[in-house]
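These notes concern the structure reproduced below.
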Amino acid sequence: MEYCLICNTPYKRINNFVYKCKKCLFLKSNLKSGNGREIEGISELRRKNFRNIIKVIKSLNSHKKFKILEIGSGSGYFIEECIKSELDITGSEANDGEFIILKKNFSKILKISLPLKEISTENHTKFDYIVFNDVFEHLENLDKVIDQLKIFLNEDGKILINLPSSDGVIFKFSNILKKIGFNNFYDRLWQKGLSSPHLSYFNNKNLSILFEKYGYELIYSSSLDTVSKNGNYERLNSTIKSKIVCMFMSFILILFYYLQKLFPRDIIFHVYHQKKN
Ligand SMILES: [Zn+2]
């Protein structure tokens, strides 16, 4: 029997790849982890969300000099936005191919694959922020990962994390569809069958319980947009030829843009601070 990572309650099997904790509602999959990343999402929306994240980072710091480490930088959009805002950013990547490309484009890139297989005795550079942009839910052995963060984090450091929520309207809707026999959306949310599927799904509450367990306290909680208001038609039209279909779909997306403000949000955005002993 396997027990919940967060609250130690036995997991209940949901389907052939998902397990759920009945007490804290944490979900985990037994999908095979990978470090590729084929879905980067809409670049303009990602950049907009990254600019909001940067605003929050700046607002949480009274002093100007601070160092940021991003785990899993992928195509490097967050690094670019940080550079534009004149922040001291170091990127990192586990995937060999993406690491080489990032190295060519940016000066500060580390090869980090969490959890670390072996912990070297050399002194690592320490950072004031460790940032996970849509990365945490792809990692294995999260207890080890959180424990190892202190290797890279300054004593007064903060962890900034954003990831999809199991309380969000998209997840809930896919769950309803699954119950009536349509598994496609649910499987797609877990990125089942892709090179780097989701291994876990959190909600606001169980994510903060997990971090509390490792000595961090939640100091900022918000959400990010899933759908953008502008540019939907142009983006759709680049893959779909029919103008009417594009107009209809972009109308639906704009509707969703406003609806997402009313319903439980799909992307959790938390900042944690290391508690002083
Ligand atoms: Zn639990």
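Conditions (1) assigned by TED's automatic domain parsing to the domain that holds N16; (2) small (G, A, S); (3) more than 14 Å from the chain's Cα centre (by Cα), marked per residue:
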{"site": "I176", "(1), (2), (3)": "yes, no, yes"}
{"site": "Q191", "(1), (2), (3)": "yes, no, no"}
{"site": "S208", "(1), (2), (3)": "yes, yes, yes"}
{"site": "E234", "(1), (2), (3)": "no, no, yes"}
{"site": "S238", "(1), (2), (3)": "no, yes, yes"}
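Screening V245 with (1) touching a residue at least 60 places away in the same chain (Cβ under 8 Å); (2) in a helix (DSSP H, G or I); (3) over 24 Å from N154 (Cβ atoms) gives one miss only, at (1). Considering segment 13-27 alone, what residues qualify as being charged (D, E, K, R) and within 14 Å of the ligand (Cβ to nearest atom)? Matches in segment 13-27: K20, K22, K23. Based on what the data block shows, is E212 acidic (D, E), assigned to a helix (DSSP H, G or I) and at pLDDT 90 or above? Criteria met by E212. Of I101, I89, all but one fail to be surrounded by 21 or more Cβ atoms within 10 Å (Cβ to Cβ) and either farther than 22 Å from K32 by Cβ or among the charged types (D, E, K, R) (or both); the exception is I89.
Looking at the structure I just gave you, is I146 on the phi < 0 side of the Ramachandran plot and loosely packed, with under 14 Cβ neighbours inside 10 Å? Full working, then the answer.
On the way: on the phi < 0 side of the Ramachandran plot: yes; loosely packed, with under 14 Cβ neighbours inside 10 Å: no.
Here the answer is no, as I146 does not meet what is asked.
Starting from segment 7-25, take each residue that is at negative phi and list its partners that are surrounded by fewer than 16 Cβ atoms within 10 Å (Cβ to Cβ) and of a type in the set (D, E), counting only C-beta distances under 7 angstrom and pairs at least six apart or across chains. Every condition considered, the pairs that remain are Y11/E2. Among the candidates N35, N49, the residue that is under 30 Å from K12 (Cα atoms), touching a residue at least 24 places away in the same chain (Cβ under 8 Å) and more than 16 Å from the ligand (Cβ to nearest atom) is uniquely N35.
For segment 130-141, the condition of being over 17 Å from the mean Cα position of the chain (by Cα) and surrounded by fewer than 17 Cβ atoms within 10 Å (Cβ to Cβ) holds for none of the residues. Return yes or no: is K172 among the basic types (K, R), out of contact with any helix residue (DSSP H, G or I) (no Cβ under 9 Å at 6 or more places or on another chain) and either within 30 Å of L253 (Cα to Cα) or in contact (Cβ under 8 Å) with a residue 40 or more places away in the chain (or both)? When the stated conditions are applied, K172 passes them.
The values are calculated or read from the model by the stated rules, or taken from the named source; none is laboratory data. Owing to the predicted nature of the structure, the values given are computational and were not obtained by experimental measurement. Because the Cβ atoms are built from the backbone with ideal geometry, glycine has one as well, and the counts that use them run over all protein chains shown.
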